[in-house]
Every structure is written in structure tokens, then in C-alpha cells.
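Notes follow once the structure below has been shown.
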Amino acid sequence: MSAPIRFVEVGPRDGLQNEARMVPLQAKAAFVEALAAAGLGEVEAGAFVSPKAVPQMADSEELFKLLERRPGVVYSALVPNEKGLERALAAKADKVAVFTAVSESFNRKNINATVAESLERFKPVVAQAKRAGLPVRGYVSTAFHCPYEGPVAPRKAVSVCEELLALGVDELSVGDTIGKACPHEVRALLSLLLEKVAVERVFLHFHDTYGMAVANALSAWRDFGVTGFDASAGGLGGCPYAPGASGNVATEDLAFALQSEGATVTVDWEAVKAAALALEPALGRPLSSHLSKVRRTS
Ligand code: HMG
Ligand code: MG
């Protein structure tokens, strides 16, 4: 049997951070709990970022407090700086993620720093998180395309990945922030990146604006043996600082595609879909995932 696919469920963070309506705390907690019950080993539940920057994540402390945690499931959170880490530690997050980008324009809009400044800012964050015994993920946004600067050279993306690894992050999440990458671009980046880092430490984070995310993931899995993928139940999401970017690839769509192609998938995608559908009234809009629509046509 092939190595199992490891999903990081980012719907409660990447998904909900970009929803027009504020989802009530109880509904968020029920969503996270349902996702964990669906077999997702890691759920990125919130973000300890500035509440002015992303109001939808302002209740992350309360959410972490309210959650009934399932043994064995990792409940992680984004932290942009030391203040964010303090909040994450107080909330007893199991893992934290720092985030930067390859392109300067996006990084400035997202976290008000140059790439170099952000890496400098992360040094004490990563060190303190490690001292506290927490694993750390490093996100690399705009690894393929930038909404402001256009196509991104793979070697530039790899260089930011290397800088994050040098800071001590345990894993990378390489992001197609605006969902525009195609399989040949994913292969170009992975060919370079996997010379520098073991495949087990690489997660791919595909948004699905141009409908290429499943094709990209299948290529990464089949051609390079990547098994780490971020995905968002129902296809929720986007990024408030990447205009026009649609949601992440839907967890249920990606799980279905990978399993159908022969990968080992332990997630119950019907349960993931049900968790996302239960959120539809609070979102006030239909989900975008393919599988969520199957009920309406069959
Ligand atoms: P800044 O304005 O440069 O920071 O923002 P500052 O240090 O000058 O602080 C300004 C104010 O924010 C102060 O409050 C701070 O206390 C407060 P004031 O004195 O004005 O009342 N503040 C905080 N409050 C709570 N928690 C904190 C925190 N830090 C400062 N941690 C900063 C810089 C990074 C803080 C801000 O720009 C920010 O929070 N940005 C986050 C943006 C964000 O969350 N974007 C979405 C996530 S990234 C993403 O979606 C991409 C990803 O999915 C991968 C992909 O798709 O590519 C990960
Ligand atoms: Mg994202």
C-alpha cells in the first residue's frame, strides 16, 4: 500500500477568513469537531493575527477554548509574530504556522513586511515555539504566481523555502495563493525543491481559482510522491489579500480524486462534505466543491 495521504484541513482558517458573513462561534466549533471526526488528522482551526487585519479570526481564543478536542488530532493555528505565538500558546494550540511569501508586493499587503523582515520576525517565534515543544509549519505564499507581480520563478520560491527551513520549521506548505498554477509549473518547482528537502516535509497548498488544483495535486503525488496536501472542506476560502483568489481545493474533491487514482486515503469524504454542508446556512451561500453538488443532481 502506498504511503497514506496527509491532509491538513484549512477550511476553518483559510476558508472562513475570507467569508463575507461572520460565522458564529458555535457553528465554527461544530465545524472543526465534525472535521476531526471525519478522520482529518490536522485541522488548522484559527489564526492569532491582528483582528483588524482579519476580523473573521478574532474569536480564535474562544474557539480553541470551546473545542472538544479529539485525541490524536492536531489543532493548529497561524501566528504572524511573537504576539501571535503568545496567544497561540495561551490557547494551547498543538502546532503553529508562520507565513511569508515569495513576492514582495503580496507580503507587504498581507503582513506589512518585506520577505527578509518577515523571516527576521519569525526567528524568535520559531525558537520559542520549539522551546515550548510545538511543531512549526512555514507557509510560502505566491510560490507560483503573485496577484500583483505575475509569474514567480521556481528558484525564488525554493530560496524562500530554504530560508524557512534554516529557521527550523518542521515542514513547508508551498502555496498557489491565487490558484493559477498548472501541473507543469508544479513539476518545475518540485524538481528543484525536492533536491533540498525530503518530500515528507513538503505540503502543497492549492487554491482552485482556475480549476487546476486537483490536476496539480495528482501530478505532485504521482510524479513526485508528495503525500501532504492542504485542503478546505466544501472548497471554502480565499485570501483577503489576494483579490479574486477563490477557495482552497475542496477536501472532499481531492480525497475522492486521490483515492480514485489509487492513493491511500483514510479521510471519510462524505463526512467532510456533510460538515461543510452543515455550515451553508451560516455562510449564506452554496458551497463550491464538486462533491457538495452531487446531492442536487443524483
Ligand atoms: P502591523 O500593523 O504592521 O503590526 O501588522 P504592528 O505590530 O504595527 O501592530 C499593529 C496593531 O496590531 C497593534 O494594535 C498590535 O497590537 C496589533 P493597535 O496598537 O493598533 O491596537 N497586533 C496584533 N493583535 C493581535 N494578534 C497579533 C497582533 N500583531 C499585532 N498577532 C501583522 C502586521 C502581521 C500583525 C498584520 O498585518 C496581520 O495580522 N496580518 C495577518 C494577515 C492574514 O492573516 N492574512 C491571511 C492569512 S495568510 C494566507 O491566507 C495565505 C495562506 O493561506 C497560504 C496561501 O494561500 O498562499 C497561509
Ligand atoms: Mg491559502
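The values are calculated or read from the model by the stated rules, or taken from the named source; none is laboratory data. Please read these numbers as outputs of a predicted model, since none were measured by experiment. Cβ atoms come from the backbone with ideal geometry, glycine included; neighbour counts cover every protein chain shown. SASA here: full protein model, heavy atoms, side chains in, ligands and nucleic acids out. Shrake-Rupley method; radii C 1.70, N 1.55, O 1.52, S 1.80 Å.
Using packing as a proxy for protection, rank 279-290, 201-212 so that the peptide with the highest average count of other Cβ atoms within 10 Å comes first.
201-212, 279-290
Cα extents of the chain along the three principal axes, largest first, in whole Å?
Sorted from largest, the Cα extents of the chain read 50, 41, 37 Å.
Can you flag which of K109/K293; K28/K293; K92/K180; K83/K109 are past 28 Å Cα-Cα?
Over 28 Å apart, Cα to Cα: K109/K293; K92/K180.
Rounded to the nearest 0.05, what FRET efficiency do S50 and A215 have when you use their Cβ-Cβ distance and R0 = 30 Å?
0.25
Rounded, prolate or oblate for segment 94-200? Axes are the square roots of the Cα gyration tensor eigenvalues, ordered a ≥ b ≥ c, and the cut-off for rounded is a/c under 1.5.
Oblate, since a/c reaches 1.5 and b/c is not below a/b.
Would you mind pulling out the separation of the Cα centroids of segment 35-108 and segment 241-268, in Å?
Spelled out, the Cα-based centre of one part sits 21 Å from the other.
Pop out the ³J(HN,Hα) list for segment 34-49 in order, Karplus 6.51 cos²θ - 1.76 cosθ + 1.60 with θ = phi - 60°, rounded to Hz; leave Gly and Pro as x.
Listing the rounded values in order: 5, 5, 5, 5, 7, x, 7, x, 9, 10, 7, 8, x, 9, 9, 9 Hz.
Please list, ordered by chain and number, the residues whose modelled amide H lies under 5 Å from the amide H of A153; skip anything fewer than 5 residues away on the same chain.
Sorted by chain and number, the residues that satisfy this come to none at all.
Taking amide H positions as placed in the peptide plane 1.01 Å from N, state which residues far from L204 in sequence (5 or more) or on other chains have amide H under 5 Å from it.
Residues meeting the criterion, in which the H sits 1.01 Å from N, are V174, G228, F229, D230.
Calculate one ³J(HN,Hα) per residue across segment 21-32 by plugging θ = phi - 60° into the Karplus curve 6.51 cos²θ - 1.76 cosθ + 1.60, and present them in order as whole Hz with x for glycine and proline.
Result, rounded to whole Hz: 8, 6, 7, x, 3, 4, 5, 5, 4, 4, 4, 4.
Enumerate by residue number the GluC sites (Glu not before Pro) in segment 157-200 meeting two conditions: DSSP loop (anything except H, G, I, E, B), and at most 10 other Cβ atoms within 10 Å of the site's Cβ.
Filter output for segment 157-200: E195.
Please compute the contact order of the chain in relative form: average sequence separation of alpha-carbon pairs under 8 Å and at least six residues apart, divided by the residue count, as a percent.
Reported as a whole number, the value is 21 percent.
Would you please state the base-10 log of I(q)/I(0) at q = 0.11, 0.16 1/Å for segment 142-298, with intensities from the Debye formula using one equal scatterer on every alpha carbon?
-0.44, -0.89
Could you pull the accessible area for R70 with a 1.4 Å probe, rounded to 10 Å²?
110
Order K65, K196 by their accessible area, 1.4 angstrom probe, all chains in place, largest first.
Sorted descending by solvent-accessible area, the residues read K65, K196.
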